[in-house]
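Only one structure is covered here, and it is reproduced in the block below.
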Amino acid sequence: MNASYGLVNVWAQGDLVTRTVLLVLLAMSVASWLVILLRLLDLRRLAGQSRHTEAFWHAQDYARGLQVLGQDADSPFLALALEGQKAAAHLQPGSGNAPAELHQRFDFSDWVTRSLQNSLDDSTARMQSGLAVLASAGSTAPFVGLFGTVWGIYHALMSIGLAGQATIDKVAGPIGEALIMTALGLAVAIPAVLGYNALVRANKKVIARLNRFAHDLHAYFVTGARVAPGASAAAPAAREQ
């Protein structure tokens, strides 16, 4: 008797649990690849935006510098520049005899630092969105596939026992089909893990650029000038004298 084997036969002959496992693995795979592709597009966009930060410091004034950073409302570099400008303007003394507000009691440097850090935290949270999906898929997909394999082998052995035939051709097909579940679990987990690690490394590079830009903005608002490249390492030694 000719029997058809493979993934199609697993779906056709499988019960509710088997089909549910297949659908869960498919959903994990689609979600993982969707997150990877979307995050790669975002990282490409962020890389282009980061190249404008040096031109920002060569603009004739701050307003033109903001234009250099672009008009993308989702740009974390533009958000930092706007937040720093807003923080500096917000802490100006009140006019007339109006009493000082609570926010005016902050040290100017601390206030700008807090505002820039809040913007950095928001941008970091957005860049890390979706990574939890990859981590979950990478850690759970092999076990989901293993569960499908165990379930499939159990039912295959039950069917063989009821049929009373344990020849190699009767055993190899159902057991082999059950093992497909484990292979599918690994096929879902491996890209998710690799994508997660790659995105984490890429995010660290972007966050490092954001931190450098925020440091320069802080120096600009506090001292009126950007910290010259290479001067940050000498600053702590100068303060110790």
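When each of Arg226, Arg209 is tested for being within 31 Å of the chain's Cα centre (by Cα), at pLDDT 70 or above, not acidic (Asp, Glu) and not in a helix (DSSP H, G or I), the lone residue that passes is Arg226.
The residues of the stretch 125-134 that are loosely packed, with under 15 Cβ neighbours inside 10 Å and either touching a helix residue (DSSP H, G or I) at 6+ places or on another chain (Cβ under 7 Å) or in a helix (DSSP H, G or I) (or both), listed by number, are Ala125, Arg126, Gln128, Ala132. The lone criterion from (1) at pLDDT below 85; (2) under 30 Å from Ala192 (Cα atoms) left unmet by Asn97 is number (2). The set of residues from the stretch 113-145 being over 18 Å from the mean Cα position of the chain (by Cα) and farther than 30 Å from Leu184 by Cα comprises Thr113, Arg114, Ser115, Leu116, Gln117, Asn118.
The values are calculated or read from the model by the stated rules, or taken from the named source; none is laboratory data. Keep in mind that this is a model prediction, so the values were computed, not measured. Cβ sites come from the backbone with ideal geometry, for glycine too, and all protein chains shown count toward neighbours.
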